[in-house]
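Please treat every number below as a calculation from the coordinates, not as lab data. Small disclaimer: the values here were computed from a predicted structure and weren't measured. Cβ: placed from backbone, ideal geometry, glycine included. Neighbour counts: every protein chain shown.
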Amino acid sequence: MKGILRVALKLLVNDRGKFAALIVGITFAMFLIVQLTSIFSGILTKASATIINIGSKVWVMDPSLQNPLNTIPMPSYVLDLVKSIDGVKYAVPLYSGVGLVKLKDGNWQPATVLGLDDATLVGRPALLEGKIDDIFGADAFIIAKDEDYPKLESPQIGTTFEINDHRSVIVGIAKAPVGGLFGIPTLYTTYNRAVQYLPNTRYTIAYILVEPKSEADIPGILEAVKKTGYLGLTRGEFEKKVSNYYIFQTGVGTNILMMTFISFLVGMSISGQTFYTFVLENLEKFGALKAIGARNSELVYMILCQASFSALTGYGLGVGLSALLIAVGKKYVPNYTAEIGFWNLGLALVMVFVVAAFSSLIAVRKVMTVQPFDIFRG
Amino acid sequence: MPEVALAATGLEKWFGEGEARTWAVRGIGFEAFLGEMLYIVGPSGSGKTTLLSMISGILKPDAGSVAVEGKDIWSSSPNDIADFRLNKVGFVFQDFHLFPKLTTMENVAIPLIFKKMDWDLSMKSAVEFLDAVGLAGKAALPPNKLSGGEQQRVAIARALVGGPDLLIFDEPTASLDGTTGKRIIDFVKNKFLNDKRCILIVTHDSRIYGYADRIIAMEDGQIVKIMSGGEIED
Ligand SMILES: Nc1ncnc2c1ncn2[C@@H]1O[C@H](COP(=O)(O)OP(=O)(O)OP(=O)(O)O)[C@@H](O)[C@H]1O
Ligand SMILES: [Mg+2]
């Protein structure tokens, strides 16, 4: 079969023009699919920025919370309830709100303010500059160095500004593994100061961060939280919930997935059409091969090899091109977000094989029905 | 007594159904022998190509049998019939059907490749056969760089490379001028006809009748006459 494979590939590749058209079609489609889905994953990751950056294993929240921008505060007795659940090592509150920072030029810049539990600072970020204990100093805030950091005029340690009319001073600059989706900077302070600086409803706890005694305790803890009428989620589940919100509730997901599907259709029609023309043009030759003694199964094998070879080449080029563009984009475009992960690559691979299967299917049907007698009769 | 290469009995083929049914071949039986060059001649539409296809395992007859080595080829499975064509028959089609995107050498090697012979060995053997038809120097060229006569010789090399018992030509001289036509038939007969092989030629071309050992004359799907050696007239 190796020789047959070689003949099949030579027939395909030596037909330069058609092969090029085929590869360009598939590459283009793969590029778009990978690019769009990567951007989508990037957006989803950013949407979960708080969850990732705080890094708690278990999160307790109001069951009607939909996304991290609009938290629903819980009364403090919930914290006590959670603390008393079996298997909980510790449980602390997290404040999350948006404050208005007054810039030097008189403009206002909203910023996410995260208030860390005063006693433990659970969820504290890794610092690039400054000492974490300085967060307890007067009016102290730590700023995350993400894409939105310059929006507060790139403050340094010691820079002061007003948040909701309260004097504030930067005491540290933190690493931000993931920047937020909403294009606003992130500030950390203590829970008590956050509550003091920002306007609040009756309740102030946005989330309760829970550290279980062991991984095995997690299901029990979630179950117990549910009994209190609140919602406990693992980090993964919470990210999923946020993803689903953006996929299903905002139109971002459906639109991007629709574009992905359209690229897929375009790619499929271009390459399906080209491959079909290729086979059609070689139909007589396939008939001659049949007359010479090639079995139907061998001709099908040839077509499948040709289709898969084109598919994989186009896939490789498309993914490569996408990766290149993402690398360039990340370097030069602020707030550009795209992540190639296994799911995009997997999805694109599945799609390219659907394209290949679809193209070969129509080609195979054509080749199966060629009668060598008709070739013979000329 | 020469050995029988194939024996056809009661072959029938019709196309279409009901009113529109036309008989292409009706009730044909004959034997072809190893070592002979056998022609099938007749007016256009008399059923020559249809007959040739049925005896070479390309077109299934509606009735009758084609026995090769004592076995009816049409009672085997499609894969076995394909194998029969691959191993026992060499075809030279009227318009050659060479692959323009493969080299001449690769074109010739195709039957060996489908016999799963190693690539390098196939190419080596292909070059030998190209040499035999006088085209060794053109092995690396694509066929469309060759003249019509040369392309036909490539097709002949491809038909021969697998060592077939039955070599089949359909209208081999149709696209050649008189002298070239004669030359190629003379060449094929002298070089490739032996007592292990039967060469079957369908033709209109009375200029090459002289090379035939026997001629089967057809009309209207039936054999009207079988002539041998001396009694061939033009
Ligand atoms: N696939 C087909 N469908 C319908 N009729 C056919 C088909 N193939 C052949 N025929 C008919 O069968 C008859 C014999 O055809 P065939 O091709 O065998 O003739 P031939 O002797 O080879 O003619 P030519 O010298 O023109 O090649 C003709 O009447 C032809 O029209
Ligand atoms: Mg004919």
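Roughly what angle does helix B:78-88 make with the longest principal axis of chain B, taking Cα atoms, 0 to 90 degrees, to the nearest 10?
60 degrees
Compute the long axis of helix A:2-13 from its Cα atoms, compare it with the longest principal axis of the Cα atoms of chain A, and write down the angle in degrees, 0 to 90, nearest 10.
Roughly 80 degrees, rounded to the nearest 10.
Could you please rank A:CYS305, B:CYS198, placing first whichever residue has the fewest other Cβ atoms within 10 Å of its Cβ?
Values: A:CYS305 19, B:CYS198 26.
Going from sparsest to densest Cβ surroundings: A:CYS305, B:CYS198.
Quick check for me: using +1 on Lys/Arg Cβ and -1 on Asp/Glu Cβ, what's the dipole size of the stretch B:15-123 about its Cα centre, in debye to the nearest 20?
On the way: 10 positive and 13 negative charges, 23 e Å.
Approximately 100 debye in magnitude.
Mind listing the long-range amide H neighbours of B:GLN222? Cut-off is under 5 Å, sequence gap 5 or more, other chains count too, H placed in the peptide plane at 1.01 Å from N.
Answer set, sorted by chain and number: B:ARG26.
For the stretch A:322-378 and the stretch A:147-221, write down the distance between their C-alpha centroids in whole Å.
Answer, in whole Å: 45.
Taking R0 as 56 Å, what FRET efficiency do you get between A:LEU103 and A:LYS2 from their Cβ-Cβ distance, rounded to the nearest 0.05?
Numbers: r = 70 Å, r/R0 = 1.24.
It comes out at approximately 0.20.
Counting pairs of alpha carbon atoms under 8 Å apart in space and at least six apart in sequence, what relative contact order in percent does the stretch A:216-349 give? Spell out each step's value before the answer.
Working: 26 pairs, mean separation 12.4, N = 134.
Dividing the mean separation by the residue count of the stretch A:216-349 yields 9 percent.
Once you keep just the Cα pairs under 8 angstrom separated by 6 or more residues, what percentage relative contact order results for chain B?
On the way: 461 pairs, mean separation 66.2, N = 234.
The normalised contact order for chain B reaches 28 percent.
Under 10 Å, Cα contacts only: if you run a Gaussian network model on chain A, which one of A:VAL355, A:VAL300, A:VAL333 comes out with the highest mean-square fluctuation?
Checking each option, the largest mean-square fluctuation is seen for A:VAL333.
So if we plug the beta-carbon distance of A:ASN244 and A:ASN14 into 1/(1 + (r/R0)^6) with R0 = 60 Å, what FRET efficiency do we get, rounded to 0.05? Don't skip to the end; give the middle numbers.
Working: r = 49 Å, r/R0 = 0.82.
Calculated value: 0.75.
Looking at chain A from every direction and averaging, what is the projected area of its Cα convex hull in nm²? Mind dumping the intermediate values first?
Working: hull surface 98.0 nm².
So the mean shadow area of the Cα hull is 24.5 nm².
For the protein assembly as shown, what does the helix formula give at 222 nm: sum of -39500 (n - 2.57) over DSSP H segments with n ≥ 4, over the residue count, nearest 500 deg cm²/dmol? Working shown, then result.
Details: 18 runs with 267 residues, N = 612.
Counting only the DSSP helices, I get -14000 deg cm²/dmol.
How big is the antiparallel share of DSSP beta bridges in the protein assembly as shown, given as a percent to the nearest 5?
Working: 55 of 84 bridges.
If I count the DSSP bridges inside the protein assembly as shown, around 65 percent turn out antiparallel.
Given a Förster distance of 41 Å, report the FRET efficiency between A:GLN196 and A:VAL350 from their Cβ-Cβ distance, rounded to the nearest 0.05.
Working: r = 53 Å, r/R0 = 1.29.
After rounding, the FRET efficiency stands at 0.20.
Considering the dipole of the stretch A:63-229 built from charges on the beta carbon (Lys and Arg +1, Asp and Glu -1) around the Cα centre, which of A:GLY130, A:PHE141, A:ILE72 is farthest to its positive end?
After comparing all options, I get A:ILE72.
From the phi angles alone, apply the Karplus equation (6.51, -1.76, 1.60; θ = phi - 60°) to the stretch B:20-26 and give each ³J(HN,Hα) in whole Hz, x where the residue is Gly or Pro.
7, 5, 10, 8, 8, 9, 9
What relative contact order, as a whole-number percentage, does chain A give when Cα pairs under 8 Å and 6 or more residues apart are counted? Working shown, then result.
Details: 643 pairs, mean separation 112.6, N = 378.
Reported as a whole number, the value is 30 percent.
Taking a threshold of 31 Å on the Cα-Cα distance, which of the pairs B:LYS116/B:LYS225; B:LYS48/B:LYS71; A:LYS10/B:LYS196; B:LYS116/B:LYS145 fall above it? Write out the running numbers ahead of the final one.
On the way: B:LYS116/B:LYS225 42 Å; B:LYS48/B:LYS71 23 Å; A:LYS10/B:LYS196 35 Å; B:LYS116/B:LYS145 28 Å.
As for pairs spanning more than 31 Å Cα to Cα, those are B:LYS116/B:LYS225; A:LYS10/B:LYS196.
Determine which residues of the stretch A:5-21 fall in the zone a paramagnetic label at A:LEU280 would reach in this model, i.e. backbone nitrogen under 19 Å from the point 7 Å along Cα→Cβ.
Within reach of a label on A:LEU280: A:12, A:15-21.
5 Å is the cut-off here: which amide hydrogens, built 1.01 Å from N in the peptide plane, fall below it relative to B:ALA5, excluding neighbours closer than 5 in sequence?
Distant-sequence amide H within range of B:ALA5: B:ALA32, B:PHE33, B:LEU34.
Rank the residues A:SER310, A:SER38 as a footprinting-exposure proxy: fewest other Cβ atoms within 10 Å of their Cβ go first.
A:SER38, A:SER310
Rounded to whole Hz and in sequence order, give me ³J(HN,Hα) for the stretch B:100-117 from the Karplus expression 6.51 cos²θ - 1.76 cosθ + 1.60, θ = phi - 60°, writing x for Gly and Pro.
Running phi through 6.51 cos²θ - 1.76 cosθ + 1.60 with θ = phi - 60° gives x, 8, 10, 6, 3, 4, 5, 4, 5, 6, 3, x, 5, 5, 6, 7, 6, 6 Hz.
Provide the per-residue ³J(HN,Hα) series for the stretch B:160-176, in order, calculated from phi with Karplus coefficients 6.51, -1.76, 1.60 and θ = phi - 60°, each as a whole number of Hz, with x at glycine and proline positions.
8, 4, x, x, x, 7, 10, 10, 10, 10, 10, 6, x, 9, 4, 9, 10
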